[in-house]
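To start, the structure itself, in structure tokens.
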Amino acid sequence: MFAPGNLTVGVFFPIEAFQRDQPTMRDQERLAVRAEEFGYAALWTRDVPLRDPNFGDVGQIYDPWVWLGWIAAQTREIALATGSIVLPLRHPIHTAKAAASVDRLSGGRFVMGVASGDRPLEFPAFGVPLEERDVLFREGLGVIRRTLDETFPTLRSRFGEMLGTVDLVPKPIGQLPILVTGSSRQSLEWIAEHADGWITYPRSLERQAELAARWRTITTAVAPGTFKPFAQSLYVDLHSDPDHPPHPIHLGFRSGRKALLDFLVALRAIGVHHVILNLKYGTRRADEVLDEIGRAVLPQLKG
């Protein structure tokens, strides 16, 4: 999924073009298997606890942990990722146990993206102060790291205490990769020190090149000799004409496959390691788009 100088492609659930905020979720299992067969690197699941109709999207509707368990049973090799778990709305020990469980049940395929949350209406429902989400994020991530990585840890936080007499089981198969999404109200230096990678949003090539270069500089300073990938999302509406030029849409563009390939190659050149496609705004059937990218774009990136 991640390697220096390489770019891979993943896809967000729902693998579906849909209007308003709720997808049908039809045929997602077959499309997940199809994505694996074509060589997509990862299937991404979102954490949207509550429906806010004004926000415009409820992700894959189902709880991310339940959904990942279901999809893990349908697939064999493709990575399973969250983009992203909203840490302030969940107890970190529950999150750690769920993450380790998915990792074990999938054979070590889980990558956990985490975030501080960007839907203000969700926070009062959980009794969580919106203005404290930056602190809750930092402390929660620390608890997750220690309970996953240590045996019978001794730790105290606002979430509770463990005094070396109890332990979290299961543990992940290896060190679980944790990527921070957006700023999560933290500095980039903090993210580089505490995360295994960074997921950010689509921008112009020029601006993204600047951010990727800054990320490399900071990660080299805080973790010399350690590869920490740079990933981004991208909304795509793939036109049936392969030569169709790109036209902007929300957080992405509409184009034929040739322009998409050119853009992905350009992202690879500036230091992007993984791109997560979102097909929500598509005007074609998602299975057709998934197949065309799998047949005609992904092989070119591997060449």
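Computed from the coordinates by the stated procedures, all read-outs in this text should not be read as laboratory data. Note that the coordinates shown come from a computational prediction; the quantities given were computed from them, not determined experimentally. Neighbour counts are summed over all protein chains in view; Cβ atoms, including those assigned to glycine, are modelled from backbone coordinates with ideal geometry.
What ranking do Ser233, Ser184 get, fewest neighbouring Cβ atoms within 10 angstrom at the top?
Numbers: Ser233 20, Ser184 25.
Ordered by Cβ neighbours within 10 Å, fewest first: Ser233, Ser184.
For the chain, give me the percentage of DSSP beta bridges that are antiparallel, rounded to the nearest 5 percent.
Details: 7 of 41 bridges.
Roughly 15 percent of the beta bridges in the chain run antiparallel, per DSSP.
Candidates (i) 96, 54, 38; (ii) 68, 50, 39; (iii) 62, 42, 37; which is the computed Cα extents along the principal axes in Å?
Matching entry in (i) 96, 54, 38; (ii) 68, 50, 39; (iii) 62, 42, 37: (iii).
Calculate for the chain the 222 nm mean residue ellipticity that helices alone would give, adding -39,500 (n - 2.57) per DSSP H run of length 4 or more and normalising by residue count, nearest 500 deg cm²/dmol.
Working: 10 runs with 112 residues, N = 303.
Dividing the helical sum by the residues of the chain leaves -11500 deg cm²/dmol.
If you average the alpha carbon positions of region 227-303 and of region 177-205, how far apart do those two centres end up, in angstrom?
Between the Cα centre of region 227-303 and that of region 177-205, the gap is 22 Å.
Hey, can you rank 172-179, 74-81 by average C-beta count inside 10 Å, highest first? Kindly include the intermediate steps, with their values, before the conclusion.
Details: 172-179: 17.4, 74-81: 19.1.
Descending packing order for the listed peptides: 74-81, 172-179.
Can you give the net charge of the other residues whose Cβ lies under 14 Å from the Cβ of Trp215, counting K and R as +1 and D and E as -1?
Result for the neighbourhood of Trp215: +1.
Pop a pseudo-label 7 angstrom from the Cα along the beta-carbon direction at both Val265 and Ile173 and give the gap in nm to one decimal.
3.4
If you build a Gaussian network model of the chain, linking Cα atoms that sit under 10 Å apart, which residue out of Leu141, Leu168, Leu43 swings the most?
Leu168
Considering the chain as a Gaussian network with a 10 Å cut-off on Cα pairs, which listed residue, Ala269, Ala35, Ala115, attains the greatest mean-square fluctuation?
With Cα springs under 10 Å in the chain, the top fluctuation among Ala269, Ala35, Ala115 is at Ala269.
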